[in-house]
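Structure first, commentary second.
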Amino acid sequence: MSMDLIVGILAGLLVAATPLILAALGELVVEKSGVLNLGVEGMMVIGAFAGFAAKVLTGSYLLAFPAAIFAGMLMGLLFGLLTQILLSNQVASGLALTLFGLGLSALFGAGWTGLTAGAFPRLNALGLPGSLAAGLDVLILLTLALVVATQYVLTRTRTGLILRAVGENHDAAHAIGYPVVAVRMLALAFGGGMAGLGGAYLSLVQTPFWVERMTAGRGWIALALVVFSAWRPFRLLAGALLFGGITILQLHSQGFGLKVDAQVLAMLPYLATLAVLVFMSRSRGAGNAAGRLRAPQSLGKVFTSTT
Amino acid sequence: MIDRRMMLGALTGAAALAVGLSGAVAQTPPLKVGFVYVGPIGDHGWSYQHHQGLLAVKKEFGDKVETTFVENVPEGPDAERVIDQLASQGHKLIITTSFGFMNPTVKVAAKYPDVKFEHMTGFKQADNLATANIRFYEGRYIAGILAAKASKTGTIGYIGSFPIPEVVMGINATYLGAKSVNPNIKLKIIWVSTWFDPGKEADAAKALADQGVDIIMQHTDSPAPVKFAEERKIFAVGQASDMKAFGPNSILTSIIDNWNGYYVSRVKAVLDGSWKTGDVWGGFNTGMLAMGGYGPGVAADAKALADAAKDKISKGEFHPFTGPLKKQDGTEFLKAGEKMADKDLAGMNFYVEGIDGALPK
């Protein structure tokens with residue numbers, strides 16, 4: 001195997017994993033605040049379209065990505081309005097948000113398929129040498145930095161502590177004076193923005209074009225990754241790289257003519273995810289009832305202020 | 001005032017009566033035609049082309065028909081529910097447009113004998129269920145010629161969806177076309193187990209390019225591979241509809257499906273009561289299959305070769321599957337000069353000799 005090919009596989013893996021990491025990281029923060037938003041797919045696809053449209057209209061990536069983030073945030077806040085203020089069921093609202101996002105983006109995006117947004121510059125355009133730089137882009141680096149930042153904020157800062165407090169026991173957090181709904185709205189805005197950015201990565205960097213439903217289920221994989229990670233950012237990164245890695249490796253192994261059925265290979269990423277899930281929930285520690293897969297205790301529960 | 005009001009009332013009454021009468025005269029309600037698509041109509045590929053057929057039907061028959069379509073229908077049990085629903089809602093002609101809708105369509109057709117069904121790309125007929133397909137392999141053969149002529153590395157990449165006969169036959173036809181101009185041509189095949197996932201199709205195209213192919217062909221429905229080829233400055237062949245917009249420099253040609261004529265003729269047949277079951281398999285000769293304009297990467301001699309082959313195929317002078325041909329394992333399946341029968345083609349489940357790799361079962 002030549003060096004170029006190894007580098008190509010590595011770059012392909014990171015590119016495939018990046019939209020998943022972005023969307024899943026956003027959802028992780030949302031779930032840490034005690035809200036289950038199943039609308040990741042809808043927020044992603046809205047971001048994919050908004051980013052693409054903004055790039056075509058303005059020609060600037062510096063406007064396109066913020067537009068995608070903003071559109072995703074609006075979706076996240078819409079979910080917040082429904083579930084935190086109007087107190088509707090989170091599971092049903094999340095599913096509705098996915099359908100709404102897919103439909104809305106298809107409606108607005110009908111005339112946009114076939115337009116071109118140009119090729120996103122890779123790191124070698126910034127003067128970095130080497131063939132790996134030719135396959136990577138600045139957003140991949142930003143994504144990795146965001147993983148570290150999220151881990152830091154969640155575990156080492158007061159903001160993270162409040163967020164977790166709200167997610168673990170919203171009544172107690174409320175009793176000691178934290179604004180539960182406001183914290184959750186902020187978390188939802190963050191989650192929506194990240195999903196929007198993940199979607200825009202797909203439509204502006206990975207493919208790069210717009211076609212309706214182009215997220216093709218990545219939002220659901222992101223949701224699974226959050227559970228897989230046991231709500232920990234670094235484990236989420238590992239999970240996304242594993243998933244992306246197996247996806248890319250199975251494509252390459254077919255190109256090499258490996259005699260394994262394509263269907264089995266296509267199944268592998270999901271199988272690996274399941275295997276890790278089973279492994280982790282099996283090895284639960286004594287005295288820790290929910291084991292290592294400890295979900296935020298208020299996850300998905302409706303909060304009504306009693307005072 | 002009263003008079004005027006009475007007058008007005010009388011006029012309105014008369015008008016209502018007139019409307020009612022004219023309604024009674026044109027009593028035949030519009031024929032309800034339902035379409036079931038596997039992808040989104042905005043895929044600019046497979047489902048998009050079928051939807052062009054729906055639009056052609058609407059344009060041709062106006063308010064004599066009422067069309068409905070359901071997009072993004074997964075192949076499998078869900079499809080049966082969707083088709084059943086269309087039938088129970090009074091659709092008298094239901095057109096299902098993906099191979100995987102075959103068994104669901106057969107089942108629902110048995111349940112509604114007075115509804116006409118049309119299943120595209122399948123092979124099971126019934127009294128009220130007709131099938132039709134396009135001889136995509138004719139186009140694939142031409143694309144194979146163009147690909148082999150344009151390739152510098154001598155390796156063509158091919159993104160497959162599912163190993164069903166239609167796709168396998170396309171791979172074989174591509175290889176035979178390519179081999180007819182370069183006996184040493186290699187084909188690298190990657191199966192992605194989906195009809196539509198732009199991200200995964202782009203990943204597969206990248207994997208192929210990283211492994212040294214300089215032509216990307218696809219039997220999946222999104223323009224992602226063409227777009228990737230454009231960025232990578234290699235060549236691609238468009239699938240199902242003209243994908244030139246996605247790769248103005250990279251595209252060699254597109255294999256274009258045209259269902260409009262067939263759908264219009266079948267709706268007409270239902271309207272005038274002449275509809276009968278059948279199995280139509282149209283190629284270049286029927287206009288159901290066309291090639292997109294050649295891209296800038298096609299050299300003059302390649303054009304000439306492709307045009308000549310296309311001409312011979314449409315006149316019926318040449319069949320891409322003409323013996324002597326052997327399977328991958330070396331057994332002969334067509335004797336010298338023998339042309340493959342349609343029923344054998346429709347069930348093709350093996351690679352021809354010269355293609356590396358195992359066909360997934």
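Annotations for the structure displayed:
- Taken over the stretch A:90-113, the criterion of being farther than 18 Å from A:Arg218 by Cβ and touching a residue at least 24 places away in the same chain (Cβ under 8 Å) is satisfied by A:Gln90, A:Val91, A:Ser93, A:Ala96, A:Phe108, A:Ala110, A:Trp112, A:Thr113.
- Residue-level analysis places A:Ala117 among those that are within 13 Å of another protein chain (Cβ to nearest Cβ) and under 14 Å from A:Ala50 (Cα atoms).
- Count of the stretch B:141-158 residues which are in contact (Cβ under 8 Å) with a residue 40 or more places away in the chain and surrounded by fewer than 24 Cβ atoms within 10 Å (Cβ to Cβ): 6
- When the stretch A:153-208 is filtered for residues that are crowded, with 18+ Cβ neighbours inside 10 Å, away from chain B (no Cβ under 14 Å) and of a type in the set (Ser, Thr, Tyr), nothing remains.
- Considering residues of the stretch B:241-298 that are small (Gly, Ala, Ser) and assigned to a strand (DSSP E or B) only, the residue farthest from B:Lys92 (Cα to Cα): B:Ser254
- In the stretch B:241-267, the residues that are more than 15 Å from B:Leu146 (Cα to Cα), polar (S, T, N, Q) and away from chain A (no Cβ under 12 Å): B:Asn258, B:Asn260, B:Ser265
- Among the residues here, A:Ala134 does not qualify as without any contact (Cβ under 8 Å) to a residue 12 or more places away in the chain and more than 23 Å from the chain's Cα centre (by Cα).
- Contact annotation: residue pairs with Cβ atoms under 9 Å, 6 or more positions apart or on different chains, pairing a residue in the stretch B:340-351 that is of a type in the set (S, T, N, Q) with a partner that is surrounded by 13 or more Cβ atoms within 10 Å (Cβ to Cβ) and assigned to a helix (DSSP H, G or I), are B:Asn349/B:Pro165; B:Asn349/B:Val168.
- Residue in the stretch A:60-75 that is under 30 Å from B:Gly212 (Cβ atoms) and free of Cβ contacts under 8 Å to residues at least 24 places away in the same chain present: no
- Filter result (in contact with a Pro (Cβ under 9 Å, 6 or more places away or on another chain) and hydrophobic (A, V, I, L, M, F, W, C)) within the stretch B:143-168: B:Ile159, B:Phe162
- Qualifying residues in the stretch B:179-203 (those that are under 20 Å from B:Gly139 (Cβ atoms) and in a strand (DSSP E or B)) - the one nearest to the other protein chains (Cβ to nearest Cβ): B:Ile189
- For the stretch B:160-167, the criterion of being facing another protein chain (nearest Cβ under 9 Å) and assigned to a loop (DSSP other than H, G, I, E, B) is met by at least one residue.
- Residue tally, condition facing chain A (nearest Cβ under 10 Å), part of a loop (DSSP other than H, G, I, E, B) and buried (at least 23 other Cβ atoms within 10 Å of the Cβ), over the stretch B:204-240: 4
- Listed conditions (1) surrounded by fewer than 18 Cβ atoms within 10 Å (Cβ to Cβ); (2) out of contact with any Ser or Thr (no Cβ under 8 Å at 6 or more places or on another chain); (3) outside the structural domain of B:Asp307 (by TED's automatic domain parsing) are all met by B:Lys116, apart from (1).
- Figure legend. Inter-residue proximity from the stretch B:94-110: first residues free of Cβ contacts under 8 Å to residues at least 60 places away in the same chain and closer than 25 Å to B:Asp221 by Cα, second residues surrounded by fewer than 23 Cβ atoms within 10 Å (Cβ to Cβ) and of a type in the set (Phe, Trp, Tyr), beta-carbon distance below 9 Å, spacing 6+ or different chains. Indicated pairs: B:Met102/B:Phe123.
- Any hit, the stretch B:149-158, residues being touching a Phe, Trp or Tyr at 6+ places or on another chain (Cβ under 6 Å), more than 14 Å from every other protein chain (Cβ to nearest Cβ) and in a helix (DSSP H, G or I): yes
- Residue list for the stretch B:173-211, filter: over 17 Å from B:Ala302 (Cα atoms) and of a type in the set (D, E, K, R): B:Lys186, B:Lys188, B:Asp197, B:Lys200, B:Glu201, B:Asp203, B:Lys206, B:Asp210
The values are calculated or read from the model by the stated rules, or taken from the named source; none is laboratory data. Note that the structure is a prediction, hence the values are computed from the model and not measured. Positions of Cβ are generated from backbone atoms using ideal geometry, with glycine treated the same way; all protein chains shown enter the neighbour counts.
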